[in-house]
Every structure is written in structure tokens, then in C-alpha cells.
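Notes follow the structure.
The values are calculated or read from the model by the stated rules, or taken from the named source; none is laboratory data. On a predicted model such as this, the values are computed, not experimentally measured, just so you know. With ideal geometry, Cβ positions are generated from the backbone for all residues, glycine too; neighbour counts draw on all protein chains shown. Please note that ligands, DNA and RNA were not included when accessible areas were found on the heavy atoms of the full protein model with its side chains. Shrake-Rupley method; radii C 1.70, N 1.55, O 1.52, S 1.80 Å.
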Amino acid sequence: MSRPPVRSGGRHVDLHTHTVFSDGVLTPEQLVQRAVDRGVSVLAITDHDSLEALEPARLAATSVLELVPGIEISTFDTVEMHILGYFIDPADPTLRTTLARFARDRVDRVRAIIERLRQVGAPVELDEVMSVAGPGVMGRPHVAEALRRAGHVESVDDAFRRYLGSHGVAFVPRPMFDAAMAINLVREAGGVSVLAHAGGAFDEMRLEALVDAGLAGIEIWHPVHGASAVRRLRAIAARLRLIETGGSDFHMPGRGSDLGDMPVPPSVLSRLKDAAGVSG
Ligand code: AMP
Ligand code: ZN
Ligand code: FE
Ligand code: FE
């Protein structure tokens, strides 16, 4: 299959994307190339709990687009929230140590999930989940795909509904790590924090506490947010003086939205840089 010609001079901004180093399917190099092909000029890679894509992406991006180093940290206390960190230093020792611990916790969790699945008659092998994950930090999406390959479910969505989601029969929580802890971690690594896909049910008191903890932005433009969610979130952002960000949350071609699809205003980049104290 031939690739569409490179469209240079694109103006699209995409601040939320995944690679093979979490649960996406493209390598960092392929992601950068697809972004260029689709007219994206500012791209953040935000793998779940992983920094591995950032260096190869930086080498691939050269001057063809501006690459923003990012991460999407999964946090849990009574609810699950995802904190996007931008302009973090990938070499920060505390960040690296914490992510290494998360990776070990994730493997333990997958083992526990597999045990539950065995008990409910939907067995999958750890080796199979590991082969689905490849270089990516292991997570429920990889277990979901293994369940699909084993014929226990029709689709990944079905796997989350029946087994892996918070109401599923094989749900296992991860160790507590709350959003304020993620915000601190990002700040100490030199970055700036944004609440990801903030459109779900959350109370504003909780959000205000996160702003007090140092949250600088809120993701407005995301494929799961309809027009009314966007309006509501923009009003909250204005009231709390939060930076409005957005991105496609791209994982793979043909599923969900594609690179550059969200109408993210280019001005967001300088606001994030100012908040992170990054020059340029
Ligand atoms: P984990 O990090 O292992 O807890 O897995 C959570 C990830 O699974 C989320 O960040 C999403 O990328 C993905 N996910 C959650 N729900 C679904 C779903 N219904 N279908 C596909 N992927 C999902
Ligand atoms: Zn994901
Ligand atoms: Fe997320
Ligand atoms: Fe994401």
C-alpha cells in the first residue's frame, strides 16, 4: 500500500497520542510520519505510564514537526483519573523509578486478573498477554485482546464490559496512586499537568483540589466529548483559569479518531510552555 504524499505546512495540534510503548499500534517513528502526513505540526506523545517512545520520536521528528514530550499517568483513589504531563524531563530519576514500580505493579495485576479469568472459565495465558503487549507497559487492553484471540469475547469493548472494566467479574484494582501524587511527580520532573478526557462525571470540588495541587490545564477537545461537554468544560476552565488542551487520543488507524482530528488551537503550545517554564 502506498502512503499518501507528505503534506507539509500543516497547522494541526495533537497533544494526546499513544504508541506501541503503551497500548497503541504504531512505533514512535510511524506515529511521527503519520502525523506529518496528516498535517500535524505539533505532536505530543502521551503513552500510559511510559517514556520509552520519547527518544526515538525525538530522533524521528527532527525539524518536520515540533514534538512535545508527554506522558499519561493513570491514577486511582476512589475513582480513576488520567493526568497528562507535558514537557517532563524523561531522565528525571524520581519519575523513572516511579514508572518502573508501576510496570511491576502492572505485571502483578495482570497475573491476578488472569487468575480471576481462569476461575470464571475464560482462561488466557500470561505469555499470550505479554506477546500482545510487545514492548508496551502491560495493561487491561492487552488482556482484552488476548481474550478476543482466545475466543472468549467478540471484541475488546466486550472484554471490558464483561470482564475487565470496574464492574467486570475479573476486575482487579491497581495500588492507590492519586491524581495529586501524579501532579507532584510531573512538576518535580519539570512538567505541567493536565486532566485528561475531563468530560466524565467528576465533581468540581475534586477538580478545585487538583488545581490547588498544581493542575494547570484541562483537556477540552477529546473524541469522547460532545459539543455540550466542550461548552461545560470551557466554562470550568475559564472559571479556574485552566489551560484548554486537546488531542485525538490516537491508538491505531481505523479505531477512534485519527491524528490531528481535534480542533486544538495552536496558542495552547505557548501557554503550556509558559506554565512549564520552557523557553522557545
Ligand atoms: P489499565 O491501564 O491497564 O488500567 O487499562 C486502562 C486502559 O484501557 C485505558 O487507558 C484505555 O486506553 C483502555 N480502555 C478502557 N476501557 C476500554 C474499552 N471499553 N475499550 C477499549 N479500551 C479501553
Ligand atoms: Zn490507551
Ligand atoms: Fe486516558
Ligand atoms: Fe490516552
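Residue pairs whose Cβ atoms lie under 6 Å apart, sitting 6 or more positions apart in sequence or on different chains, and linking a residue in segment 162-190 that is closer than 21 Å to Leu84 by Cα to a partner that is assigned to a helix (DSSP H, G or I) and of a type in the set (Lys, Arg), are Arg174/Arg109. Going residue by residue through segment 4-15, is there one that turns out to be in a loop (DSSP other than H, G, I, E, B), at pLDDT below 95 and at positive phi? For segment 4-15, residues in a loop (DSSP other than H, G, I, E, B), at pLDDT below 95 and at positive phi: present. All conditions in (1) more than 11 Å from ligand 1 (Cβ to nearest atom); (2) over 20 Å from the mean Cα position of the chain (by Cα) hold for Ser155, with the sole exception of (1). Please tell me if Leu269 is away from ligand 2 (no atom under 16 Å from the Cβ) and buried (at least 22 other Cβ atoms within 10 Å of the Cβ). Here the answer is no, as Leu269 does not meet what is asked. Residues that are farther than 20 Å from Asn184 by Cβ and open to solvent by 30 Å² or more (accessible area, probe 1.4 Å) within segment 56-77 comprise Pro56, Arg58, Leu59, Ala60, Thr62, Ser63, Val64, Glu66, Leu67, listed in sequence order. Among the residues of segment 52-80, the one identified as among the acidic types (Asp, Glu) and closer than 16 Å to Leu269 by Cα is Glu66.
Quick one: would you say Ser166 is polar (S, T, N, Q) and at pLDDT 95 or above? No; evaluated as a whole, the condition is false for this residue.
Please find, among Leu207, Leu215, the residue that is of a type outside the set (Asp, Glu), buried (at least 23 other Cβ atoms within 10 Å of the Cβ) and more than 16 Å from ligand 2 (Cβ to nearest atom). Step by step, each of Leu207, Leu215 is checked, and only Leu215 is of a type outside the set (Asp, Glu), buried (at least 23 other Cβ atoms within 10 Å of the Cβ) and more than 16 Å from ligand 2 (Cβ to nearest atom). For segment 160-191, the set of residues classified as among the small types (Gly, Ala, Ser) and more than 16 Å from ligand 3 (Cβ to nearest atom) consists of Gly168, Ala170, Ala180, Ala189, Gly190, Gly191, listed by residue number. Of the candidates Arg161, Arg140, the single residue that is open to solvent by 50 Å² or more (accessible area, probe 1.4 Å) and out of contact with any Pro (no Cβ under 7 Å at 6 or more places or on another chain) is Arg161. Of all the residues in segment 121-144, those that are under 16 Å from Val169 (Cα atoms), within 23 Å of the chain's Cα centre (by Cα) and outside any helix (DSSP H, G or I) number 0.
One residue stands out in segment 20-43 among those that are out of contact with any Leu (no Cβ under 6 Å at 6 or more places or on another chain), not aliphatic (A, V, I, L, M) and not in a helix (DSSP H, G or I): the one that is farthest from ligand 2 (Cβ to nearest atom), namely Gly39. Each residue in segment 15-34 was checked for being within 14 Å of ligand 4 (Cβ to nearest atom) and of a type in the set (D, E, K, R), and 1 of them qualify. The condition of being in contact with a helix residue (DSSP H, G or I) (Cβ under 8 Å, 6 or more places away or on another chain) and crowded, with 20+ Cβ neighbours inside 10 Å holds for only one of Ala35, Ala53, Ala44, that being Ala53. Here Leu147 does not fit the description of being open to solvent by less than 50 Å² (accessible area, probe 1.4 Å), within 21 Å of Ala53 (Cβ to Cβ), assigned to a helix (DSSP H, G or I) and not aromatic (Phe, Trp, Tyr). Candidates Ser257, Ser279, Ser228, Ser248: the one that is under 20 Å from Leu43 (Cβ atoms) and open to solvent by 60 Å² or more (accessible area, probe 1.4 Å) is Ser279.
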